[in-house]
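The structure under discussion appears below in the form of structure tokens.
Readers should treat all values here as calculations from the given coordinates under stated rules, not as data from a laboratory. Only a predicted model underlies this, so the values are computations on that prediction, with no experimental measurement involved. Note that each Cβ is placed from the backbone with ideal geometry, even for glycine, and that neighbours are counted across all protein chains shown.
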Amino acid sequence: MATDTFLLVHGAWHGAWCWEKVIPHLRREGHEVKAIDLPGHGSDRTPVSNVTMNAYTSRVCEALDSCKGQVILVGHSMGGAVITQSGEYRPDKIKKLVYLTGFLLRNGQCLLDVANQDTEALVMRNAMLDEKTNSLSFRKGAAKEIFYWDCSDDDANYAEPLLVPQALAPFQTRMVTSEEKFGRIPRVYIECLNDRAITPGAQKRMYEALPCQRVISMKTGHSPFLSAPEELAKNLLSVV
């Protein structure tokens, strides 16, 4: 059986820990799986004031370079922007780009362009800015309402304390992509139809503006890696 390598990139505030329930399902089918912490996330102690989009993409490119052959690169939420820019830098290393309710941004767009237009989403209205570190956090309990409302209490209570302050700089960084590099990598979008962090309408506007090879729908909130890990894994396996 042919095996593929999945490289999993988490979204804002999160870390590699968010993929823990999904990874065993992918490995059981014989695939290689790597989940990485972006700088300033999970167990990485980069100060939040030093976190940039360039730091994120450098980490992803290092991970890509360490993999044999081509990789299926998966980005959740903000991780969508990170894999897009990484795709521009390493198009030959990527077999497919998979956006899990991810920010699928066009050349010249930044994440805030989409987030500020998504007026029904709960993220920005609940985020608190720390001007000293130029980072965003949430009041206690808000993350469950935004990210984990359809997850078990155990999963939500596990996840919320692991969230870290999110640097604002990557949200403000505009994509620099080309048809010759990023544009030639096949794209798949997994939309989450009950998402409160990036609403279904915002997801659809992105994948209609930058069409994907395939769109897969899940009836979950923003965190199917916790609420529906087996279904998410099956959808990722279907991309192979």
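Overview of results
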item: The chain, relative contact order in percent, only Cα pairs under 8 angstrom and at least six apart counted; result: 23 percent
item: Zone residues, the stretch 199-231, relative to Arg27, backbone N less than 18 Å from point 7 Å out along Cα-to-Cβ; result: 225-226, 229-231
item: Residue-averaged 222 nm ellipticity for the chain, from DSSP H runs of 4+ at -39500 (n - 2.57), nearest 500; result: -9000 deg cm²/dmol
item: Furthest towards positive pole of dipole, Ile36, Ala143, Pro165, structure part the chain, Cβ charges; result: Ile36
item: Cβ charges +1 (Lys, Arg) and -1 (Asp, Glu), total dipole of the chain, debye; result: 420 debye
item: Relative contact order [Cα under 8 Å, 6+ residues apart], the stretch 159-240, whole percent; result: 27 percent
item: Listed candidates (i) 31, 25, 17; (ii) 52, 22, 13; (iii) 24, 20, 18 - label of the one calculated as semi-axes √(5λ) of the Cα gyration tensor in Å; result: (iii)
item: Cβ-defined net charge surrounding Gln213, 11 Å radius [Lys, Arg +1; Asp, Glu -1]; result: +3
item: Gyration tensor (alpha-carbon) shape descriptor, the stretch 124-235, a/c threshold 1.5; result: oblate
item: Label-to-label distance, nm, for residues given as Asn54 and Lys234 (7 Å Cα→Cβ offset); result: 4.5 nm
item: Charge tally in the Cβ shell below 11 Å around Gln203, where Lys, Arg are +1 and Asp, Glu are -1, Gln203 excluded; result: -2
item: Residue-wise HN-Hα coupling along the stretch 25-31, computed from phi with Karplus coefficients 6.51, -1.76, 1.60 (Hz; x: Gly, Pro); result: 5, 6, 5, 4, 8, x, 8
item: Rounded to the nearest 20 debye, dipole of the stretch 1-140 from Cβ charges on Lys, Arg, Asp, Glu; result: 240 debye
